[in-house]
Amino acid sequence: MKRLFIFTILMHCLVWTSIAQTKLEGEHLSYDENTVTAAFEVNSKDGVPSLYKEVILPYIYNGKDTLWFESFEVYGKGRYKRQMQEECLKGNPEWDLSDNSVLAGKVYHYESSVPLKRWMTSATLGIKRYMTGCQCSKGHEEFSLLHQDNIFKEPQMPARRIPEYTVTDVQPAWDFGNVDLLVKFTVNDIEMDPDIFENARTFGLILNAVDKIYSDERYSLQRIEVSGYASPEGYIGKNGELARDRANALVNYIIQSRPQYKLSRKSFRICNGYENWEGLRLALADYEIEEKDAVLEIIQSKDSYKGKKIRLKALKNGAVWKQLLDEIFPHLRTARFLGVYFDSVQDNAIDEINAANEMIRRGEFAQAYDRLLPFEGDFRAYNSIGVSLMMQGLFEEALPWFEKAKENGSDSAAQNIEAIKAELEYEAEQKKLIEEYLKKYE
């Protein structure tokens, strides 16, 4: 009897080692924007002896992260009956095989899905298999692998869009650096008063600029540009007259202060600025005021000047308008000295800068940048340097050049700044959309 028992144990072990598993065929992964699906055929016609159950556990992993699919169980007939008995004794007489638990003897289709995850940029399908039987058997495991890379595709930022550029050929003009030569006036006044604000210092700088041209034999005067402005309060027509008269007052002052140069009205060009809304916008950049965001929105709106004033006066029942009148408008009543333009036989910078501009128009942006580098200290080259960088997609490098050019009165630079800002806002929105998309797959 003892020999028979030992023989039975040995036979169980031999049977275990010779158990044939089911055959898996056609293993593959498929995926969409939400899920990853593992599918294969389970051929159990020649596998899973009566007293055993095979458990098939598919999973997906990338060497660090793992996600398990639903398991699949194939019962031998004897194991199925025994399981029913065990469940009945546990008080579960209704137990039966589920969708993913089947009897051996047929070919079954397995399919299960898991959520698509961001870590699945590189992923592998693994299948863990083991057999369970009587309590004396320990079972064993097998692993088979199916490689499937790049299941999750990281979205890429779209290629940087390059805006249209604005470049203007330059003319000889005296560089005043970052000095803003503004003569300021009291309300409704056109008198050149050296005793208010910093007018006395500004008068000296303006006359010094004119003197520089006439003190150097290499230069001859071409023209002097000035503009006049009025603060936005009052009537539009009256403000236009004030702006023009203030510009004329500065012209007369220069002519009368330097009679030795025999300047005439033909020596000047008046670029009338009318109501100084742009000056108001710039002033608010470094100034705290109630309802500041609302004020800026009104200034930059497409409303008429009259409409803007009505809306501003309505803020805080007129309190904001009063603050503007008292604290900011006095600095907007100005005559501005724009620059001195001249001719010079020795000023080759103009020819080089304009030649670089022609290269920009031909699309030779890198070459134009190299040609402009020797003149990076010349304010007339600032905008062109910025354009040559912008058109290579180097927005961050271009912006400081445009800012400097704008400070020196370049309207082209101001337009280029707005173009870059629009593209940077577009890029920020694209980045936000990508980040929101990726959050779904964390």
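Comparing 285, 381, 413 in a Gaussian network model of the chain (Cα springs below 10 Å), the most mobile by mean-square fluctuation is 285.
The residue 303 and residue 168 beta-carbon pair, evaluated with R₀ = 35 Å, returns a calculated FRET efficiency of approximately 0.75. Maximal additional length on extending the residue 431-residue 150 stretch stands at 99.0 nm, based on 0.36 nm per residue less the C-alpha distance.
Applying the criteria of a DSSP loop state and at most 15 other Cβ atoms within 10 Å to the chymotrypsin sites (Phe, Trp or Tyr not before Pro) of region 393-442 yields 441.
Working note: Karplus 6.51/-1.76/1.60 with θ = phi - 60° gives region 249-254 the couplings 5, 5, 4, 4, 4, 5 Hz, where Gly and Pro are set to x. Under the simplified labelling scheme, the residue 366-residue 196 pair shows an inter-label distance of 5.6 nm, with each label point 7 Å from Cα along Cα→Cβ. For residue 357, neighbours were defined as the other residues whose beta-carbon sits under 13 Å from its Cβ, and their charges (Lys and Arg +1, Asp and Glu -1) total -1.
In region 222-297, what trypsin sites (Lys or Arg not before Pro) fall in a loop by DSSP, with at most 14 other Cβ atoms inside 10 Å? Within region 222-297, the qualifying trypsin sites (Lys or Arg not before Pro) (loop, at most 14 other Cβ atoms within 10 Å) are 262. With the simple model of a label 7 Å out from the Cα in the direction of the Cβ, residue 34 to residue 421 spans 4.2 nm.
Taking other residues whose beta carbon is less than 12 angstrom from the beta carbon of residue 239, and scoring Lys, Arg as +1 and Asp, Glu as -1, yields +2. Here the sum of -39500 (n - 2.57) over DSSP H runs of 4 or more residues, divided by the residues of the chain, equals -12500 deg cm²/dmol at 222 nm, to the nearest 500. Pairs from the table (238/308; 292/313; 184/404; 117/439; 302/322) lying more than 19 angstrom apart at Cα are 184/404; 302/322. Remark: the chain carries a charge dipole of roughly 1280 debye about the Cα centre, counting +1 on each Lys and Arg Cβ and -1 on each Asp and Glu Cβ. Counting charges near residue 109 (Lys, Arg +1; Asp, Glu -1) among other residues having Cβ under 13 Å from its Cβ returns a value of -4. Ranked for footprinting exposure by Cβ neighbours inside 10 Å, fewest first, 195, 96, 65 give 195, 96, 65.
Cα centroid separation, region 54-88 to region 246-293: 86 Å. The ranking of 378, 46 from fewest to most other beta carbons within 10 Å of each one's beta carbon is 46, 378. Expressed per residue, the C-alpha convex hull volume of the chain stands at 259 Å³.
Backbone phi angles across region 189-201, fed through the Karplus curve with coefficients 6.51, -1.76 and 1.60 (θ = phi - 60°), yield HN-Hα couplings of 10, 10, 7, 7, 9, x, 8, 10, 6, 10, 4, 4, 5 Hz in residue order; Gly and Pro are listed as x. As a calculated quantity, the FRET efficiency between residue 70 and residue 287 at R0 = 51 Å, using C-beta atoms, amounts to about 0.20.
Bear in mind these aren't lab numbers, they're just calculated from the coordinates by the rules spelled out. Source: prediction; values computed, not measured. Note that we place each Cβ from the backbone using ideal geometry, even for glycine, and neighbour counts take in every protein chain shown.
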